[in-house]
Structure formats: C-alpha cells, structure tokens
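Asks: If you scroll down you'll find the structure; I have some questions about it.
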Amino acid sequence: MTDNTNHNDADKSRERVIGTPTSEGATLATAEDAPHRRHEGPYPAEETHVRPEEVQRRGERMASLWFLVAFLAGIGFFVSYFMFPANSDGTPSIADPETAQWANMLLGGTLALALFSIGAGMTVWVRRVLPHYEVSSPYDELPSSEEEKSSFSEFFMRGAQESGILKRPLLRRTLLLAMVPLGLAPVVLLRDMGPLPGDKLKRTIWRDGTYLVVEGTNRRIRAEDLVPGSMISVLPEPDDPEHGLSMNDQAEAVTILIKMDPKDFGPGMSQQQLEWTHDGIVAYSKVCTHVGCPAALYEQTTHRILCPCHQSTFDAANGAAVVFGPAHRPLPQLPIRVDEEGYLVAAGDFSAPVGPTFWDAGVED
Amino acid sequence: MSDNQAPQAPKALRGIGNYIDDRFHLAKTAEKNLRKVFPNHWSFMLGEIALYSFIILLLTGVFLTLWFNPSMSHTVYEGSYERLRGVEMSEAYASTLHITFDVRGGLLVRQIHHWAALIFVASLVVHMLRVFFTGAFRKPREINWLIGVAIFSIAIVEGLFGYSLPDDLPSGMGVRIFQGVLLAIPVIGTYLSFFMFGGEFPGEAIIPRLYMLHILLLPGILLALIAAHFIILWYQKHTQYPGPRRTEKQVIGTPMFPGFALKAGGFFFFTFAAITGLSAFVQINPIHLFGPFTPTSITSGLQPDWYMGFLEGSLRLFPDWFDFDIGGYAVVTGVLVPGLGFMGLLFGGLAIYPFLEAWITGDKRAHNIADRPRNVPVRTGLGAAGITFYGVLWLAGSNDILSHTFQISLFATTWIFRIALIVGPILAFIITKRICLGLQRRDRATLEHGYESGTITQLPGGEFIEVHKESSPETVEVLQSAKYQGFRTVPPTVDANGVESPAARGFLGKLRIRLAHWYTKDNVSFEDVVPHSALHGEQRTEEKAGQH
C-alpha cells in the first residue's frame, strides 16, 4: 500500500521543500538549481538532492583510495599473522607474552585499519557520490478499519463456535487437564541437577584433632611459629597428601589464624569463645558471611578483618563481630587447641554455618 | 544524460530475480521494503552499534568455541605460557591460556569478544536512554520497548556468564558472589544454589552449565528478541524528530536502497574497526596475569565488567540494618535488596514506565514525532534521576579505588555514596526539570521575537537595543513542536453541568488526576504563540493541520 503513495505525498508538499536549506545546502544541486536537467532516479527528483558531477568525481577517487588502503591493510594482516609463529620452535613466538602483545597490536592494528578504511570508503561514497535523500514515506494507519475488525471478529467467533470449544466445556477442560502433567515434566526432569542441601552447608570437614596446615603447603603449625600481630591462611590437613583437598573442601574449610596479645581480646568474646583460642591465637572462617568472598585483609593495630569484595569489616578481638559493611553475622569461629607435640589442631567444627547467610542458617537440625 | 534512463538489469541478475519471484512472488514486497525510509539523525545509529556489536560477538564467539574447553576438571598446565607452567588449574583456564598463547589471533579475538560485549551493553543503554528521553516508547511502540528491556536484562546476564567462563581468579569470585546472592533467597535459595552448582560451591558443574547458557540458550533468546525488535521497527517505521514536512503521517529520510544500505554498511565497518582498534591497543581482561581461581584467595581492587558495577556498588552500599528472621529463619535483606531488588527496580521500572505514563496522562494517541526532552520536563527529570541513581551505585562499585585515589577513608566513601544515592536523584530531578522549563521559556521567546543576533543598534532616540533576527523556517518548525509535544495540560474533569467525569472518581481516579497535574503544571504555554509576532506583527498561518 505504500508503494505509490510516495509520489502523491511529495507533490502535495513540494512547495515546502524547495528552498529549504539542508545541512549541506551549499554543495547540493537541487532540482530547482538545475531545472534543465531533471534528475531521473528511483525517487522523486524533489526529494533527491544530487551532488554536482565534480563532487561525485572527487568522491569516487577518495573512496577508491580508501578501498585501496583497506586492501593493503588486509595484506598486512596476513603478513603479521605469519610473522609470529604459534609454537616456541620459531622465534619470535607468541608464547612469549611480550611478543604476543606485539603480534596482537600488529594483527589488530592492520585489521582495524582495513575495517576502518572500508567504512570510510563507503561513507565517502554515500556522502559524495550518492544524492542526499529527503524521501517521504507515509506511516501506516495502525488500527484497522471498523469493517475489517468486525469482519474478523465475526469470522473468528463463528470458527470458534464451529470447533466446539465454546459449547463443549468437557472437551476444553479435559484438554487443559491433560496438559498439566506435561507442563510440569520439564521442572521434574531438572531434579537431578544437584543433590538436596540437607545440612551440607552447616558443617565442614574440620573435626576435633584435625591438624591446621599453612595454605599452599602441607606444613603443620606450632603455636610458637606465629608472631604477634600476624595473620595466616590455613586449611585442614588432607587425609591424602598426594591429592590434597578438593576445591569444595577448600572453599568451606579455609580459615584465618590470627595471633594477638591475649589481653587484647575484648568483651565481645564469650567465655567459651576465649576457651576456643590458644595463647592469643584465634581462628575464624575466611569465607565472608555476606556473599562468600575470602575476607583476606587484616589490620593488626585495630584487629580488623576486611573483605575486599564488599568491605564487610569484622573485629577479630571481639568474636569477629561485624563493625561495618553489609555482612550481618560474625565470621564463625573455629575452636583450636594444641596436641601433645605442640601442633595446632582443631577442637571441633566451626561455631556456626560458614559462608553467606541462608534461610535456615540459624536453625539447629 | 545517460543516467536518465533506467539501465536494463544484467541478464544474470534478471535470471536470479525471476527464479526467486517464480517461487515467492516477491517483486512488490521487495520494492516496498527497499523503499523503506530511515530518518536522518545521528541518534538513530545508537541501536545500530548494539546490533553490529552483537553480530561481532556471534562471529568471535564461534571462533573461541573451537578451542575453549568448558571443564572444571583439574590439570597441571604444560602449555606455552612459562610463568604458569606446572600450576594446577581447571581445563577451562588452561584452554583460555591456550587460546591466548598458542593460537595465532586468539588473544585478539578474545579481546574483540570482550570489548564487543562491553560496547554492546553500553550502546544498548545509550540507545534506550535516547528512546526514553524522546518518548519514542509511546504508543504504538510500547511492545518494542518491552522487548528492548528484555534484551537489556538478558545481555547483562549473558555478559556475567561469559566473564565467568575462563575460571580465572576474578571470574570465580563473580560466580561466588552470584552463589551468595542465590543462597540469600528465602526458602528456596539453598535448593537453587545446589541445583545450579550440582552441589556445594564451586563443584565441577557450574562452568559447563554457564557455558551452555552463554553460547546456546541466552544468545538464542537474544537473537530471537533482536529479530523481533527489528521486525517490529521495520513494520511500524522509525520515529522522527520535528522538522519541515515531517508529520505524524509521513516520515522523511534516506531510503534503504541505495542510500541507507551503503550508509549502514559503512557504519558496521566503523563499529567493527573501533572495537578491533581497542582490542589491538587496549588490554582487556588479562586472565594470564590474574591466575587460576582458587576459593581461598582474592586480590583487592578487583573490578567487574562495567555493566555489573552497579550491582557490586549496591551490594557495598546497602547496610545490614534491615535483616530479620522469622522464627529463626533468616531473611537477608542486606543481600536480597541490593542483589536482586535493585535489579528488579531497574528493569521493572523501565518495563512499566510507558504504561504508567500513558495512564497518568490518559494519552491514547499514536505518536510518530519524537518529543524534544525539554518539552516533557517531568519525564526528562525522572530519567535524569534514574541515571543518577544508577550512576551512584556504579561509582560505589569502585569506592575502594576512589578511596585509595583520593585518600578518603573507605567507610567515609560508603557513607558519601549512601547519602548521594538518596539525595542525588532528587536533586537531579529538580535541576533537570528546571533546566527543561528554562529551555521552554527560551524557545517561546525565540519563537515570538526571533533569536538574539548579537548586533547592538542605537535607535534615533538614543536607546540601544539588540537586534533580533528571524529564525529559519526549520527552527520555527522545531520550536513550534512544543505546541503538541508531550502532554501539555490536564483536561477538565468536570463537565459543563458540573458533573465529575467517571474517570476522575475513586481513589485511583483522584490519584491519576493529581499525578497528571504534577506532570504538566509547570509547562510553559505555547498555545497563543505566533512566530515572530513582535518582530513583524504579521499573523502567520502555519499549516500544521496535518500534524494533529
């Protein structure tokens, strides 16, 4: 319906377009400027501002120059590709980070230049060779006419009547009923995506007597190894030193060990929490109770533990109570003691569920 | 001139054309669509950037899948990158190193993919703001607005999942935060987390699952939505800005063939060139420097991709004061509100806005002429408030960097941002609305008296005046658009007999009237303005009948 109306609309508004300055008025030869050679293009001449031949000729040369640059840059891309071999047999190879950077700059630079030049050539083509268009086209009338609408409505309701869906409710209802189990099937089928949580989030692999080892090594720790003011990251000693701890075990069991002057412990520590320490050494879960990042920063003068993700701040001298930031629960404390040989061992599991607070975190099973 | 006659189509082309037309009867449809007109304005290319970035993402993404191994099984790295040889890591991380150091062009394509993702979301946002501020979401285009909001929300999730795949230290931390937010959901949170991760964090299932979502499901949905967005746009045609000949009935611009096709083609290459240039010279996500993910370590000063910054910031700002429990069961508002609530507010607010505005103004007309933002001060003010709210959250996502850079205490930055989050949007609303009204007044003055020419003349009486000159017909056309733009005044709610109209009764009716009043009360009236009346004293009859 829009095909031919263009011309009619343009005729109506012709007197308004002529003489209307366009953004590039000076360079344009409008139909008015050159009435003796009326432009015959796909669109009405009044809506097509043809560029002077001289401008077009220069545009052609300029665009072609850009396309040539693009061609050369494209060749340059292949040269840079083969200049740097992939494996380390040849030199220089992209296995070396610095060479990889150079290779990246050459490859990317030539590719970007090729792409840019094609874009530039096409743009020059549009702006110098093609006419400037101010073609009009009608918007469609959106609502259908009343006749069309009522005709459709009547047709549709007659069809619905004939199908029986309106006057045979049994048919309708049993079909809906039949769909219910099928609709639920995809949900049920996803059941095996994972186990049920159970109490898995509430316990870790720490047990009474588990040795504390320095994270990254399997070295056990003596109480006297720690200097006051220090903080280290520890893990439970793995049963199988060959394979170490699984990621899951590390994620839940990682603990920070802080040594401070026992006199620094504040009133926030209950008697039991003090009993869980040893000679000024206190152990807290390293997993932030906000959303689970490692709370890895420790400031020894204020005894504050800071999580770098969202800046929850805990007071190590007062049971790791929250002093600032979005976390709500203190970091759970790990009870520790020393064994007969003077090595630090756990005296049980954490005092509370480790990590981000969840629905039943505070509920005993 | 030889080009005055339409040249005969080449034989081969005619053959192909006839072959297709014999089977699909397309000649008329093809001509109609090739004649489709695209309005000439730079702001219409913002959506194009998004479309082209998406195409680049698809192309580079396919390349990366040739080598990427989405597996969390453990391996000891023995590849080319010396500094990590012998280090334990996941297959996912090792294969990303392989793409970087053993596949020629791999690093470049990885960086193009990442930069294109950043620019994809950025251009979506700017495009959406353009549509918002010019009222291009109004009838008949509300459905396309909703599709746009869906594309925006899925694009963010798609980006987060892609960021998580290489299994480097920051990306693993992103996954950890995602899991922490899942856990906070009341009742079903732990179940969602266990199903998603196949057990406890991190498990061995999450990366393969995110990979499937990232390369299959989400891009599939995005592709379908983008296609729908485009088809609707094609069918309804673009909005256009006010100007000569541009009316609600006809659109003026460059036709698809040959003008716009070539213009858009050139612009695709520019977009691709800009992204490639960035990827060549500006390093992005150097995962080989971050090292593999371990759940026990972290570095400070980590920054997520920019579009996640507002979530990071909201998690940092929102305090734990409102956490409560029901019979011992925790409702962690300190995570739920910033982690999910703000996102719901953002996308929900965007989604309902067109309907809310139409309800307040009662405007049921179809609009093809875009509003000038100044002519709808309340909408523009609300948009500015929204940008400020988002911007404060986004900045708060780097408060540690800001604190370090400007030597302010970390906790002080948190408080500054908490206050700014509430005060900022209110101020932005008031200031923006005032600016809009000031611009309306100036428009009215320019329309009535012409523009200030800067020339000072002495009158015979000795008085100095500044000469006002007549604006161009185009300017007059644009300024006059204020007469019908936006929603100018509240229609009377009481009829000639003093009877209240049914729509104004009841609580909702009264609320609506009050909101409509708030929405329009400060607008400068353009009703009686005659262009350049003071200048010439002549009455101009403007033939704007076609517009309304």
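Each value in this text was obtained by applying a stated rule to the coordinates, not by laboratory testing. Only a predicted model underlies this, so the values are computations on that prediction, with no experimental measurement involved. Don't worry about glycine lacking a Cβ; one is built from the backbone with ideal geometry, like all the others, and counts go over all protein chains shown.
Asks: Convex hull over the Cα atoms of region B:163-214, averaged projected area in nm²? Please list the in-between numbers first.
Replies: Details: hull surface 13.1 nm².
Orientation-averaged projected area of the Cα hull: 3.3 nm².
Asks: Give me the Debye-computed log₁₀ of I(q)/I(0) at q = 0.14, 0.20 Å⁻¹ for region A:125-195, equal point scatterers on Cα only, no solvent, two decimals.
Replies: Calculated log10 I(q)/I(0) at the listed q: -0.76, -0.97.
Asks: Could you state, as a whole-number percent, how many of the C-alpha pairs of region B:163-322 are farther apart than 20 Å?
Replies: Counting every Cα pair in region B:163-322, those more than 20 Å apart make up 71 percent.
Asks: Give B:Lys32/B:Lys249; B:Lys36/B:Lys364; B:Lys28/B:Lys249; B:Lys263/B:Lys469 a once-over and call out the pairs whose C-alpha atoms are over 25 Å from each other.
Replies: Working: B:Lys32/B:Lys249 17 Å; B:Lys36/B:Lys364 27 Å; B:Lys28/B:Lys249 22 Å; B:Lys263/B:Lys469 36 Å.
Result: B:Lys36/B:Lys364; B:Lys263/B:Lys469 exceed 25 Å.
Asks: Still on this model: Give me the lysines in straight-line cross-link reach of A:Lys259: C-alpha distance below 25 Å, same-chain residues under 8 apart excluded.
Replies: A:Lys286
Asks: Something else now. How do the peptides B:52-60, B:518-526 rank, highest first, by the average count of neighbouring beta carbon atoms within 10 Å per residue?
Replies: Output ranking for B:52-60, B:518-526: B:52-60, B:518-526.
Asks: Classify region B:396-442 from the C-alpha gyration tensor, please: rounded if a/c falls under 1.5, else prolate or oblate depending on whether a/b exceeds b/c.
Replies: It comes out prolate by the Cα gyration axes.
Asks: Looking at chain A as a GNM with Cα springs under 10 Å, which of A:Leu115, A:Leu331, A:Leu176 has the largest mean-square fluctuation?
Replies: So, out of A:Leu115, A:Leu331, A:Leu176, the one fluctuating most is A:Leu115.
Asks: When you take every Cα atom in region B:1-128, what is the radius of gyration, and what is Dmax, the widest Cα pair distance, in Å?
Replies: In Å, with Rg to one decimal and Dmax whole: 24.3, 75.
Asks: May I have the extent of the alpha carbons of the protein assembly as shown along their three principal axes, as whole Å values ordered from largest to smallest?
Replies: 110, 88, 83
Asks: Using the alpha carbon gyration tensor of chain B, what are the three equivalent-ellipsoid semi-axes (square root of 5 times each eigenvalue), largest first, in whole Å?
Replies: Result for chain B: semi-axes of 48, 34, 24 Å.
Asks: Round to the nearest 0.05 the FRET efficiency obtained for A:Met157 and B:Arg23 when R0 = 45 Å and r is the Cβ-Cβ distance.
Replies: For R0 = 45 Å, the calculated efficiency reads 0.80.
Asks: Can you sort A:Arg304, B:Arg514 so the residue with the fewest Cβ neighbours within 10 Å comes first?
Replies: Values: A:Arg304 17, B:Arg514 12.
In increasing order of surrounding Cβ atoms, one gets B:Arg514, A:Arg304.
Asks: Report the convex hull volume per residue for region A:275-354, counting only C-alpha atoms, in Å³.
Replies: 90 Å³
Asks: Mind checking which of A:Gly348, A:Gly159, A:Gly119 has the largest fluctuation in a GNM of chain A, springs on alpha carbons under 10 Å?
Replies: A:Gly119
Asks: Could you compute how fast region B:47-187 diffuses translationally, taking Rh as the Kirkwood radius over C-alpha pairs and applying Stokes-Einstein at 37 °C with viscosity 0.692 mPa s? Give it in µm² per second.
Replies: Rounded, D is 190 µm²/s.
Asks: Taking the mean number of other Cβ atoms within 10 Å as a proxy for protection, how do you rank A:141-148, B:387-394 from highest to lowest?
Replies: Most protected by this proxy first, the peptides run B:387-394, A:141-148.
Asks: Then there is this: Taking each pair of distinct Cα atoms in region A:201-346 once, what is the resulting Kirkwood hydrodynamic radius in Å? Display every interim value, and only then the final one.
Replies: Details: mean 1/r = 0.0657 Å⁻¹.
Roughly 15.2 Å, rounded to one decimal.
Asks: Once Rh is set to the Kirkwood radius over Cα pairs, what Stokes-Einstein translational diffusion coefficient, in µm²/s, holds for chain A at a temperature of 37 °C and a viscosity of 0.692 mPa s?
Replies: The diffusion coefficient I find is 109 µm²/s.
Asks: Ok, one more. What is the packing order of peptides B:147-158, B:82-93, taking the mean over residues of other C-beta atoms within 10 Å and listing the highest first?
Replies: With the highest mean Cβ count within 10 Å placed first, the list reads B:147-158, B:82-93.
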